[in-house]
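The values are calculated or read from the model by the stated rules, or taken from the named source; none is laboratory data. Note that the structure is predicted; figures quoted are calculated from it, not measured. Every residue, glycine as well, gets a Cβ built from its backbone with ideal geometry; the counts of neighbours run over all protein chains shown.
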Amino acid sequence: MAQPILEMKGIHKRFATTVALNGVDLTVYPGEIRGLIGENGSGKSTISSIAAGMLKADAGEMTFLGKPWAPANMVEALEHGFGMIVQEQGTVPGISIAENIFLGDIDQFSKGPFVDRKAMLAAARKVLERVGMDKVDPALPMAALDIQDRKLVEIAKVIAREPDIFVVDETTTALSQIGREKIYELMREQKAADKSVLFISHDLDELLQTCDTLTVLRDGNLIRSFTKEEFDPDAIRTSMIGRELQGDYYRSDSTPTRQDGIALAAEHLTLGEELQDVSLTLYKGEIVGIGGLSQCGMHTLGKVLFGAQKPQQGRVTVNGTAIIGEAVAMKQGIGYVAKDRDVESLCLSASIQDNIAVAGMERYAIRDFLILENRERAYVDKQIGDLSVKCAGRDQQVSQLSGGNKQKVVFGKWIGRGSDILILDCPTRGVDIGVKQAMYQLMTRLKNEGKSILMISEEMPELIGMCDRLLVMKDGRVTKEFARGPEMVDTEIIKYMI
C-alpha cells in the first residue's frame with residue numbers, strides 16, 4: 001500500500017471540561033477522497049483544524065508527506081501543501097478579491113518596494129476561472145460578494161497553491177448546486193493527480209456520491225471507517241448517532257393542509273433583476289417552500305418579506321398592515337432566519353442569553369422597559385431547554401457553539417417571542433442529521449399549532465419532504481407552483497429552475 005499523505009495517531013483535544021477528541025487515529029492516502037461525518041460536536045472540524053495548524057493537539061503525533069507534522073498556523077500549512085477551506089467565513093472583507101487569493105503570498109508579485117497589481121490581477125483571473133468565477137473582476141472588494149462567491153474565493157485561494165491535500169469543511173452548504181458541482185470537479189482533479197481530499201459534510205448523500213472512504217466520529221471518538229463497498233446509509237446513520245433515528249424525519253402526511261385565513265400576502269414585488277413581479281400568499285398553518293438556484297432571487301425575497309430590503313414596487317402585508325421595515329415585521333409576528341447565520345442572525349461576540357433575549361424583551365420585561373434579571377434568565381433558559389441547545393450555560397459565547405446549536409439559538413430568538421410567521425432561509429444549512437430531524441419535527445409542530453412557515457432552500461429533499469406548496473423561482477420570477485403530492489418530485493421541479 002502507498003505511503004499515507006497524512007497520518008494522525010492518538011490525537012487528544014480538550015476544551016475546558018469538554019473532550020473534543022479522545023485518542024483519534026486518521027490516515028489519508030494519495031488519490032483518496034475521505035469523508036468525515038458525525039453530529040455537531042463529534043470532533044470532525046477539530047481534527048481537521050489540528051492537521052491544518054488552526055489548533056494544537058493536547059497529545060498525539062502527525063506525519064505529512066512522510067515527515068513529522070506540526071504547522072504553526074494555516075499559512076505555514078498551506079505553504080507546505082496542506083490547504084483547508086473552513087466552515088465559517090475565511091476571507092478578509094476590507095481588501096480586494098485578488099489580495100484575498102494571494103494573502104500571505106503577495107511577495108511573488110513584488111517589484112522592488114511595489115506590487116505589480118496588473119500581474120496579480122491576471123493571476124487571480126486564472127484561478128477564479130477554475131472555480132467558475134470567470135466573469136468576476138478580481139479588483140472588486142470582498143464586501144461586494146455574497147456568501148456563495150466569498151466561499152468560492154476561499155476555494156480559489158487554496159487551489160492557487162496546488163496543495164497535496166485539501167480539507168473541505170462544510171463548504172458545500174454555502175454553495176448553489178452549480179457551485180457544488182464545481183467543487184466536486186476540483187475534488188476529482190485532486191484525486192486524479194494522486195493527491196488527496198478530506199471532505200467534511202452533514203449531507204450523507206453527497207458523501208456517498210463523492211467519497212472513496214467514509215469515517216464516522218461521535219463524541220470525540222472514531223467509531224468506524226467504511227470503504228466504498230461497505231457504504232450503507234442506515235449503518236452510517238446508526239454509527240453517527242449511536243442509535244436508530246426515532247420518529248418521522250420529514251412529514252409523514254402526503255397531502256397539503258392549512259387553516260383558514262391569510263397569514264401574509266405579497267403583491268407584485270419588484271427589485272432590480274432579483275425580483276420581477278413576484279406575488280405569493282401564505283396561509284395560516286401552512287409551510288410554503290421557495291426553491292431555485294442560488295441566484296434566482298429567493299434569498300432576496302426572504303429579506304423583502306421581512307422588511308430588511310425595500311422593493312422598488314409592490315408591497316407585503318400582514319393583517320392589513322404594510323411591512324415597511326423589520327420593526328414593523330416583528331410587531332406583526334414575523335421572525336426571520338437568514339442564510340448567512342453568523343453575519344445576519346447572530347452576534348457571535350455576545351452570549352447565548354443576549355442573542356435570544358434581544359428579540360423577546362416584550363415577553364419578559366415589565367411595561368416593555370423594566371428588565372428583571374430573573375425573568376430574562378428564565379425566558380432564555382426555557383428556549384435553551386425546549387430546543388435542547390448543547391451549551392455550557394446561557395452565558396456561553398455563541399461563537400463557541402457548533403453550527404447546529406447556533407441555529408437553535410436563532411430559532412429560539414424567534415420562537416420565544418411567539419412569532420406566528422417564520423421566514424426560514426436555508427434553515428438546516430451546516431447542521432447534522434440529528435439536528436435536522438429535530439428542526440423538521442419542530443416545523444411540523446409549529447404548523448400544527450397554526451403557525452405559518454415560508455422555507456427558502458437549495459435542498460430539494462427537504463422542500464419535497466416538508467412543504468404544502470412549493471414555488472419555484474428562476475431569474476427573479478416564480479415559474480411554477482407545485483402542491484404536495486405525487487407531482488412534487490425533483491425531476492419535474494428542476495425543469496422550472498434551469
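Kindly establish whether Gly333 is out of contact with any helix residue (DSSP H, G or I) (no Cβ under 6 Å at 6 or more places or on another chain), within 22 Å of Arg445 (Cβ to Cβ), touching a residue at least 60 places away in the same chain (Cβ under 8 Å) and surrounded by fewer than 20 Cβ atoms within 10 Å (Cβ to Cβ).
So Gly333 passes the test.
Where residues in the stretch 97-120 are part of a helix (DSSP H, G or I) and touching a strand residue (DSSP E or B) at 6+ places or on another chain (Cβ under 8 Å), which of them is nearest to Leu140 (Cα to Cα)?
Taking the candidates together, the pick is Ile97.
From the list Gly292, Gly247, Gly242, Gly302, exactly one residue is under 28 Å from Leu208 (Cα atoms), small (Gly, Ala, Ser) and buried (at least 22 other Cβ atoms within 10 Å of the Cβ). Which is it?
Just a single option satisfies the conditions, and that option is Gly292.
In this structure, is Val136 more than 25 Å from Glu185 (Cβ to Cβ) and not charged (D, E, K, R)?
Against the criterion (more than 25 Å from Glu185 (Cβ to Cβ) and not charged (D, E, K, R)), Val136 does not qualify.
Report, ordered by the first and then the second residue, all pairs with beta carbons closer than 7 Å, sequence separation of six or more or different chains, a first member in the stretch 362-375 that is farther than 24 Å from Gln332 by Cβ, and a second member that is surrounded by fewer than 10 Cβ atoms within 10 Å (Cβ to Cβ) and at pLDDT below 80.
Leu372/Ile366
From the set of residues in the stretch 355-388 that are more than 26 Å from Gly404 (Cβ to Cβ) and β-branched (Val, Ile, Thr), which is surrounded by the fewest Cβ atoms within 10 Å (Cβ to Cβ)?
Here the residue is Ile366.
Which ones in the stretch 250-285 are more than 27 Å from the chain's Cα centre (by Cα), over 17 Å from Gly307 (Cα atoms) and surrounded by fewer than 13 Cβ atoms within 10 Å (Cβ to Cβ)?
Within the stretch 250-285, Asp253, Ser254, Thr255, Asp260, Gly261 meet the criteria.
From Arg34, Arg14, grab the single residue that is closer than 14 Å to Val167 by Cβ, of a type in the set (Lys, Arg) and out of contact with any Lys or Arg (no Cβ under 8 Å at 6 or more places or on another chain).
When all the criteria are applied, what remains is Arg34.
Of Gly23, Gly10, Gly41, Gly94, which residue is surrounded by fewer than 16 Cβ atoms within 10 Å (Cβ to Cβ), in the same structural domain as Pro138 (by TED's automatic domain parsing) and assigned to a loop (DSSP other than H, G, I, E, B)?
Among Gly23, Gly10, Gly41, Gly94, only Gly94 is surrounded by fewer than 16 Cβ atoms within 10 Å (Cβ to Cβ), in the same structural domain as Pro138 (by TED's automatic domain parsing) and assigned to a loop (DSSP other than H, G, I, E, B).
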